[in-house]
Amino acid sequence: MSDFLQSYGFLIVTLIQAGLLGLSLYFPLMAGQLSLASPGFYALGGYVAAIMLTNPAFAGLRDTLGNGIFPLTWLAAGLLCALAGVIVGVPALRLRGIYLALATIAFVEILRVVSLNLSITGGAIGIFGIPQAFGFQDRWQYLLIFGPLLALVLAFTYMLQKSRVGRAFRAIREDELAADAMGVPPTQYKVLAFVIGAVIAGIVGSMSAPFLNTWNAKQGTFDASIAILAFVLIGGSRSMWGPVVGGALLTAVPELLRFLQDWRLVINGLVLVIASLYLPQGIVGALAKLRKSPPPARPPIAPAPDAKGGTL
Amino acid sequence: MNRTKLKVSAAAVLAVTAGLAFAQKVESPVPIGVAVAQTSNTALLGQEQVIGARFAEKFLNARGGINGTPFKLVFQDAAGDENSAINAFQNLITKERVVGIVGPTLSQQAFAADPIADRAKVPVLGPSNTAKGVPQIGNYIARVSAPVAVVAPNAIRTALRLDPKIKKVAVLYAQNDAFSTSETGTFQETVKAQGLTLSTVQKFQTTDTDFTTQVTAVLNADVDLAIVSGLAADGGNLVKQLRQLGYKGLIIGGNGLNTSNMFPVCQKLCDGVIIAQAYSPSQPSAANQVFVKEYRAQYKKDPPQFAAQAYAGVQVFVEALRAVDRKKKIATWDLDDLRVELNKQILVGKYNTPLGLIAFDKEGEVVQKDFYVAQIKMKDAKTGSFVFLK
């Protein structure tokens with residue numbers, strides 16, 4: 001068992017990490033907004049943590065807080081991403097559909113180029129030698145922070161979906177004009193959904209920086225945007241389990257197929273193509289359809305009135 | 001809340017059982033891990049490393065392996081990203097039970113994966129990590145690739161010898177590439193240290209194809225020397241456009257341009273580009289001449305630097321294992337103890353590799369005797385070669 005955790009601990013944590021990033025994209029989608037900004041906030045959160053944990057300017061703070069610095073980095077990353085989410089969200093969410101997607105890609109690119117050019121982010125080499133959260137020695141120990149975060153986010157999502165806010169999100173997704181007419185302010189709710197996603201991505205980033213030992217501009221790229229979108233689409237975008245299943249599956253497949261060497265990427269591609277062709281609702285969507293009881297059968301045709309026994 | 005508590009206690013139980021794991025013997029043939037980029041866009045470099053490592057496996061095993069015990073290389077794809085490199089390292093350390101690892105390809109990956117090996121007390125030799133700070137990651141991390149700061153200045157000194165009248169210099173670099181940004185720093189410092197004027201510094205991206213802005217700035221600055229740090233495709237295009245728009249001075253290319261993959265890009269216009277090298281096929285040692293002969297026989301061209309460095313990495317492991325084996329037979333070692341002893345042995349030894357004579361300082365930084373400078377000579381539009389300058 002310990003061998004298993006040693007070998008696969010890192011992978012298991014990356015599955016959860018992928019699921020969480022998928023969820024961060026799921027919130028804007030819940031309100032019908034196709035945003036690809038998650039890797040930007042993920043990278044931002046990671047940089048916040050990496051800088052707080054390595055920069056000499058924070059040395060005093062690190063000494064006084066000890067391990068308390070780690071929760072503080074999560075908090076700082078979450079707050080900063082919320083702020084950035086509002087600043088980006090308010091103008092960007094005036095756009096719709098593909099234009100919003102393009103604007104969010106631009107945001108990710110801007111952050112990437114800025115981090116390549118600043119000295120505080122270490123330029124292209126990035127920040128390295130990040131201390132380990134709570135003195136963790138093995139990668140699987142990061143389950144102890146990523147696991148509860150996933151549980152917390154799932155619980156939050158579940159409650160949100162049942163709440164008034166969740167219903168407002170869905171109303172906007174189905175028909176923004178009608179929702180507006182019914183007294184649901186679309187801009188306000190769209191920005192809210194966007195900011196929730198940003199905060200989650202930021203916190204995941206701040207936990208990931210010590211987990212990866214290093215942080216650089218390669219973490220938030222256009223490729224990452226597409227990968228995370230694929231998590232949600234392959235998993236299913238109409239259920240909160242979709243991003244989790246999709247993220248875990250798409251991260252696990254290439255790693256578990258390592259023994260196939262170069263063929264593993266071919267299989268990964270096949271999974272993507274087949275899933276998007278035959279499972280338009282995603283994997284979770286398809287499973288839900290299977291579980292749903294079949295529509296009630298047509299009632300048996302009432303026996304025709306007996307013609308023989310008639311009296312004439 | 002209950003759920004978290006359950007997880008914590010489960011983890012505690014696991015931690016205890018992990019401590020009770022049995023001591024493991026070293027397998028035969030002795031496994032040495034190689035984690036380089038076999039896929040992704042970094043594979044252009046990684047594939048040359050795979051070839052170099054395979055040569056070492058074949059050649060050194062034919063010469064008796066580790067005093068009679070054969071060794072085998074275990075390959076795990078580290079791709080071009082941090083996650084894959086960590087996964088590859090974890091696999092090699094816990095599943096394949098290797099005695100040491102040659103890898104990963106990129107410095108950024110080294111910063112992610114090397115701490116894992118260091119904590120597990122597994123010796124690592126970086127075959128191509130040239131960024132500042134890699135050997136300092138930990139006691140178990142060393143590299144056979146000389147850092148940029150040592151290799152790059154040689155190109156400028158050679159350019160000054162070829163044309164002593166050089167006064168003004170333009171520096172261009174790919175700002176989204178870790179290696180190029182670190183290399184350009186060294187180039188700029190050397191330019192100033194040599195008393196030259198740094199007239200203009202231009203940035204580009206590895207994905208750019210049009211360099212009109214940068215080339216115009218270089219032409220306006222009226223320089224005698226242009227120094228380009230980038231990768232094969234963008235660097236090649238930049239060289240081509242510099243020449244097409246009428247730049248006449250010398251051009252120095254960084255290590256990213258140190259590959260024949262650049263020839264199809266700038267074709268005839270590649271001619272004359274000066275590149276500093278950590279390796280030369282003409283290095284006279286017997287170890288190198290055998291390597292070059294075998295490589296030419298199989299691939300019909302001279303071995304590139306990346307192949308030679310990967311070969312050197314495997315060779316250092318094998319020679320250090322031989323020294324350990326002479327003290328106490330490899331098969332009788334406990335794996336964990338062997339890894340610790342092997343690491344100590346690597347740092348004290350001297351190795352006669354294709355790179356020339358190399359050794360390590362106490363941090364694990366390579367100490368290499370010879371460096372080289374080559375100039376590109378194009379035969380026609382497609383074929384060319386690196387001519388080594390004395």
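Can you pull out every residue in segment A:131-157 that is open to solvent by 40 Å² or more (accessible area, probe 1.4 Å) and without any contact (Cβ under 8 Å) to a residue 60 or more places away in the chain? Within segment A:131-157, A:Gln137, A:Leu144, A:Leu152, A:Ala155, A:Phe156 meet the criteria.
Screening A:Phe128 against (1) over 21 Å from A:Ala224 (Cα atoms); (2) within 14 Å of chain B (Cβ to nearest Cβ); (3) in contact (Cβ under 8 Å) with a residue 12 or more places away in the chain; (4) not basic (Lys, Arg) leaves a single unmet condition, (1).
Considered as a group, the residues in segment A:96-125 that are in contact with a Leu (Cβ under 9 Å, 6 or more places away or on another chain) and at positive phi include one that is surrounded by the most Cβ atoms within 10 Å (Cβ to Cβ), and that residue is A:Gly123.
Among the residues of segment A:163-179, write down those that are open to solvent by less than 80 Å² (accessible area, probe 1.4 Å) and part of a helix (DSSP H, G or I). Don't jump to the end; show me each part of the working.
Let us first name the residues in segment A:163-179 that are open to solvent by less than 80 Å² (accessible area, probe 1.4 Å), namely A:163, A:165-166, A:168-169, A:171-173, A:175-176, A:178-179.
Scanning segment A:163-179 gives A:Val165, A:Gly166, A:Ala168, A:Phe169, A:Ala171, A:Ile172, A:Arg173, A:Glu176, A:Ala178, A:Ala179.
Would you check which residues across segment A:252-267 are exposed (fewer than 15 other Cβ atoms within 10 Å of the Cβ) and part of a helix (DSSP H, G or I) and list them?
If the condition is that a residue be exposed (fewer than 15 other Cβ atoms within 10 Å of the Cβ) and part of a helix (DSSP H, G or I), then A:Leu256, A:Phe259, A:Leu260, A:Trp263, A:Val266, A:Ile267 are the ones that fit.
The condition of being open to solvent by 60 Å² or more (accessible area, probe 1.4 Å) and part of a helix (DSSP H, G or I) holds for only one of A:Leu229, A:Leu270, that being A:Leu270. Of the candidates B:Leu198, B:Leu219, the single residue that is touching a helix residue (DSSP H, G or I) at 6+ places or on another chain (Cβ under 6 Å) and in contact (Cβ under 8 Å) with a residue 24 or more places away in the chain is B:Leu198. Looking at segment A:114-147 only, could you name the residues that are under 24 Å from the mean Cα position of the chain (by Cα) and part of a helix (DSSP H, G or I)? Matches in segment A:114-147: A:Val114, A:Ser115, A:Ala133, A:Arg139, A:Trp140, A:Gln141, A:Tyr142, A:Leu143, A:Leu144, A:Ile145, A:Phe146, A:Gly147. Does A:Arg264 satisfy the condition of being among the charged types (D, E, K, R) and within 27 Å of B:Phe89 (Cα to Cα)? Here the answer is yes, as A:Arg264 does meet what is asked. Of all the numbered requirements in (1) open to solvent by less than 40 Å² (accessible area, probe 1.4 Å); (2) within 11 Å of another protein chain (Cβ to nearest Cβ); (3) not basic (Lys, Arg), A:Ala198 misses one, and that requirement is (2).
Reported count of residues in segment B:96-122, each being open to solvent by less than 20 Å² (accessible area, probe 1.4 Å), of a type outside the set (Ser, Thr, Tyr) and not in a helix (DSSP H, G or I), is 8. Selection of segment B:69-94 for residues being surrounded by fewer than 24 Cβ atoms within 10 Å (Cβ to Cβ), facing chain A (nearest Cβ under 7 Å) and β-branched (Val, Ile, Thr) yields only B:Thr94.
The values are calculated or read from the model by the stated rules, or taken from the named source; none is laboratory data. Keep in mind the model is a prediction, meaning the values are calculated, not measured. Heads up, the Cβs are rebuilt from the backbone with ideal geometry, glycines too, and the neighbour counts pull from every protein chain shown. Just the protein is used for accessible areas: all its heavy atoms, side chains included, with ligands, DNA and RNA removed. Shrake-Rupley method; radii C 1.70, N 1.55, O 1.52, S 1.80 Å.
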